[in-house]
Amino acid sequence: MIASDSNGIKQYDIATNGITLHVTEQGEGPAVLFCHGFPDTAYTWRRQMKAIASAGFRAIAPDMRGYGRSSAPADASLYTPLHTAGDLIGLLDALAVPRAVLVGHDWGATHAWNAALMRPDRFAAVFCLSVPFVPRGDVSVFDRMRKAGLQDKFYMFEQIRADADKIWANAAVTVPGVLYWASGTAPVGQQWSPMDPARSLHRAAPGPLPSWAPTDYVAHNIAEFQRTGFHGGLNYYRAAEPYFALSAPWKGAKIVQPSFFIWGKADGLKELYPLSLDDLRAGLPGLVGGLELDDVGHWVQHEAAADVSDQLLKFVRTVDLA
């Protein structure tokens, strides 16, 4: 069943790769496929979807597996890039879309990069936010942190703990908290750090969120995570280390399609990825550009919504989806 509102936004469920994805769609034309991250839903893309739909493109945004109205397998081993690439290919097949541009943020960026790497025949270009593409090396990030004695500091070790679901459980606190502390709005020295447990993502926000965080979006995500919990989203972290061994065939592989990357200068992830555009080109020979945004943190699609929409529209207009 397809539900449609007065803005031309359609919502429906699609069976793909052994699960069901809940999909939001707007516009007609060449397809642009949006992938959200943690802890989020497809609602995060509403402003970018409206912008490109108005320009003659078909914006398609699923709640990724584990989130929102989509299936959420309990088994963490079912959350690797192999699974999400399968989900996205199955979604395109179900919609009879031969090729699409991928857009991703956070974990959605990780999965967009990997899907583009695995299936260049189906993904003509890739546009990502906040998390860069780094070619697979010899050692996983978990082992690198253990060897450096940082297992008590690196945030992913907390995210994979057995009690992580309980740590995040109060969505009315953790959803606004992660938006605030990972943003460029948080005070310098207090904003989220991936290497300092005292500056965690899940702290309570000190007050109302800034205007860049729409109240309808925040309320939607709080309601969804109160209903579903965070187990599905946290499973992406739990799957990350086991996937490293499975990713060996792509060691050193590069993404050759046209690509673009945007990141916030105040994003805590820069502690992990202090990369220049020249560094990125080592794994992205098709990189056509990038943009670092001042006073912006991790939530670039919200904190700098117009800039992201403008750059995305310029990018997709250059892509041949024939």
Checking M195 against (1) within 18 Å of the chain's Cα centre (by Cα); (2) under 23 Å from E241 (Cα atoms), only one condition comes out false. Which one? (1)
Residues being buried (at least 20 other Cβ atoms within 10 Å of the Cβ), assigned to a loop (DSSP other than H, G, I, E, B) and of a type in the set (V, I, T) - total across region 279-318: 1
How many residues does region 153-169 contain that are surrounded by fewer than 16 Cβ atoms within 10 Å (Cβ to Cβ) and either among the polar types (S, T, N, Q) or in contact (Cβ under 8 Å) with a residue 60 or more places away in the chain (or both)? 1
Please work out which residue is farthest from the chain's Cα centre (by Cα), limiting yourself to region 258-278 and to residues that are surrounded by fewer than 20 Cβ atoms within 10 Å (Cβ to Cβ) and farther than 14 Å from V131 by Cβ. D278
Within region 96-149, restricting to residues that are of a type in the set (V, I, T) and touching a Cys at 6+ places or on another chain (Cβ under 9 Å), the one that is nearest to S247 (Cα to Cα) is T110
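Residues are listed down the side, and each one gets a yes or a no for (1) part of a helix (DSSP H, G or I); (2) out of contact with any Asp or Glu (no Cβ under 7 Å at 6 or more places or on another chain); (3) surrounded by fewer than 16 Cβ atoms within 10 Å (Cβ to Cβ):
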| position | (1), (2), (3) |
| --- | --- |
| T174 | yes, yes, no |
| G177 | yes, yes, no |
| S183 | no, no, no |
| P194 | no, no, no |
| E224 | yes, yes, no |
| R227 | yes, yes, yes |
| G232 | yes, yes, no |
| A240 | yes, yes, no |
| Y243 | yes, yes, no |
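When residues of region 47-80 are filtered for being more than 30 Å from A245 (Cα to Cα) and either assigned to a loop (DSSP other than H, G, I, E, B) or touching a Lys or Arg at 6+ places or on another chain (Cβ under 7 Å) (or both), how many remain? Before the answer, list the steps.
Of the residues in region 47-80, the ones more than 30 Å from A245 (Cα to Cα) are 47-60, 69.
Subset that is either assigned to a loop (DSSP other than H, G, I, E, B) or touching a Lys or Arg at 6+ places or on another chain (Cβ under 7 Å) (or both): 55-57, 69.
Looking only at that region, the number is 4.
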Over region 88-104, the set of residues in contact with a Leu (Cβ under 7 Å, 6 or more places away or on another chain), farther than 12 Å from R119 by Cβ and outside any strand (DSSP E or B) is L91
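No lab work stands behind these numbers, since they all come straight from the coordinates. Small disclaimer: the values here were computed from a predicted structure and weren't measured. Heads up, the Cβs are rebuilt from the backbone with ideal geometry, glycines too, and the neighbour counts pull from every protein chain shown.
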